[in-house]
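The values are calculated or read from the model by the stated rules, or taken from the named source; none is laboratory data. All values derive from a computational prediction rather than experimental measurement. Positions of Cβ are backbone-derived with ideal geometry, glycine not excepted, and every protein chain shown enters the neighbour counts. With ligands, DNA and RNA removed, areas are computed over all heavy atoms of the protein, side chains included. Shrake-Rupley method; radii C 1.70, N 1.55, O 1.52, S 1.80 Å.
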Amino acid sequence: MEHYQVAIIGSGPAGFTAAIYTSRALLKTIIFEGMQPGGQLTITTEVENYPGFAEGIQGPELMEIFRRQAKRFGTETRYETIKKVDFSVRPFLLFTEADKGYSADAVIIATGASARRLYAKGEEKFWGYGISACATCDGFFFKNQKVFVIGGGDSAMEEAIYLTHFAKSVTIIHRRGEFRASKIMVQRAKNNPKIDFLLHTVVEEFLGEEKGPAKKLTSIRIRNVNSNEEQIIQADGVFYAIGHTPNTEIFKPYLEMDQNGYIITKGKSSATNIPGVFACGDCQDPVYRQAVTAAGSGCIAAIDAERWISEHYK
Ligand code: NAP
């Protein structure tokens, strides 16, 4: 079994920042990149608010720079997903999907969060056949088509604006009359002539054509939550922007979490309830969820891990 001083699970801004710091502290570090190497920024387009990039930068490019910077200081990367951990023993044990085991003196969890689903009727059937949670990935397939975005947060506004580059029309469906999104983002969406809004509305069902294995979304059944009135409207594509769920399932037997599954860290530190296990980034942050705050918390986790290792192992 390969042994590392620090094992980092997750490869977004939190994980790679932690790796840069622990590797520069000369700790033997491995990072497991997981199912979405680079994390959520790899499914974003322009990042305008990451400091240091005055003209903005594409999300995937930013993550490639993070990766290069970590590797420059010796971080080892694996394109593997950790599917099981054992935090009851020392060193800690981590197992990949292929059942390969690794051991580590300290573990930094930076597994981020994943897009939430509605679980509405027909969703499962048409997922990937008209329904998507990533405008950046799939917007291109909806040239001159009629698409919808579900949600009222910044992601919904951002995805809707992005989709106007391809689609004929974009309608934001939101369950309330007020938006959670920042005023500037709502204003940008409202100013865009291709974007309309369907407020106080929810999607009840996804409908489409099925010919053998070929499937295609063609319409959605929506309901006005005030009047309960339902209608079926034509839809070529529907994009989810209804928030995220932290990727923390495998740690549930060991770590304290809030009711939504976000890992609880102590005070301003990254310490979890298990000494030697630290958490950073979106898996422990339901509030800020920004690339720069994730990176900052990755730095905190690395410093905490380094201090913990020097107290216990040197
Ligand atoms: P969010 O702020 O949590 O918004 C989720 C939206 O989805 C809310 O409007 C919510 O409605 C709706 N929703 C949740 N569950 C639903 C359901 N089952 N059915 C229908 N609607 C549902 O998530 P987000 O937009 O992904 O943003 C997450 C964080 O990232 C925020 O802090 C945001 O500011 C940030 N962000 C920033 C930028 C930027 O600055 N460029 C871009 C994207 C995201 P309710 O409002 O009724 O709860």
Low-density loop trypsin sites (Lys or Arg not before Pro), region 169-265, at most 10 other Cβ within 10 Å, DSSP non-H/G/I/E/B, are none
Violations at 27 Å Cα threshold for listed pairs Lys28/Lys266; Lys121/Lys211; Lys28/Lys100 -> none
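How high is the FRET efficiency from Glu64 to Ala98, r the C-beta distance, R0 22 Å, rounded to 0.05? Could the numbers behind the result be given before it?
Numbers: r = 25 Å, r/R0 = 1.15.
That gives a FRET efficiency of 0.30.
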Taking a straight Cα-to-Cα line shorter than 12 Å from Lys146, and setting aside same-chain aspartates and glutamates fewer than 8 residues away, one finds Asp196, Asp236
What the Cα atoms of region 123-174 span along the principal axes, largest first and in whole Å, is 27, 22, 17
The farthest towards the positive end of the charge dipole of the chain, of the residues Ala160, Trp308, Met257, given +1 on Cβ of Lys and Arg and -1 on Cβ of Asp and Glu, is Ala160
Pairs over 23 Å Cα to Cα, from Lys143/Lys190; Lys143/Lys216; Lys183/Lys268; Lys71/Lys268; Lys125/Lys252, come to Lys183/Lys268; Lys71/Lys268; Lys125/Lys252
Long-range amide H partners of Val149, meaning residues 5 or more apart or on another chain whose placed amide H is closer than 5 Å, are Thr171, Ile172, Ile173, Phe239
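Computed FRET efficiency, Cβ-Cβ of Lys71 and Phe141, R0 30 Å: what is it to the nearest 0.05?
Plugging the Cβ-Cβ distance into 1/(1 + (r/R0)^6) gives 0.35.
Which GluC sites (Glu not before Pro) from region 102-201 combine a DSSP loop assignment with at most 11 other Cβ atoms within 10 Å?
For GluC sites (Glu not before Pro) across region 102-201 that sit outside H, G, I, E and B with at most 11 neighbouring Cβ atoms in 10 Å, the list reads Glu178.
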If every Lys and Arg gets +1 and every Asp and Glu gets -1 at its Cβ, then about the Cα centre region 163-314 yields a dipole, in debye to the nearest 20, of 460
The ³J(HN,Hα) series, computed from each phi in region 189-199 with the Karplus coefficients 6.51, -1.76 and 1.60 at θ = phi - 60°, rounded to the nearest Hz and given as x for glycine or proline, is 5, 5, 6, 7, x, 8, 9, 10, 10, 10, 9
For region 299-305, Karplus-derived ³J(HN,Hα) couplings (6.51, -1.76, 1.60; θ = phi - 60°; whole Hz; x for glycine and proline) come out as 5, 4, 4, 5, 5, 4, 5
Log entry: pair-distance distribution for the chain, C-alpha pairs binned every 10 Å from zero, whole % per bin is 6, 25, 29, 21, 14, 4, 0
Counting only protein heavy atoms and rolling a 1.4 Å probe, one gets per residue an accessible area for the chain in Å² of 49
Taking protein heavy atoms only, a 1.4 Å probe, and rounding to whole percent, the accessible area of region 207-277 owed to carbon and sulfur comes out at 49
Under a 1.4 Å probe, counting only protein heavy atoms, Tyr240 has an accessible area in Å², nearest 10, of 10
When the charge dipole of the chain is computed with +1 on Lys and Arg Cβ and -1 on Asp and Glu Cβ about the Cα centre, the Cα farthest towards its positive end, among Pro51, Ala294, Gly267, belongs to Pro51
FRET efficiency (Ser114, Tyr254; Cβ distance; R0 22 Å; to 0.05) is 0.60
For region 231-314, listing GluC sites (Glu not before Pro) in a DSSP loop whose Cβ sees at most 13 other Cβ atoms within 10 Å gives Glu256
Computed over the chain: longest principal axis from alpha-carbon atoms vs helix 154-163 long axis, angle to nearest 10 degrees, is 60
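For Lys215 and Gln231, calculate 0.36 nm times their separation in residues minus their Cα-Cα distance, and state this gained length in nm to one decimal.
Net length gain for the segment: 3.6 nm.
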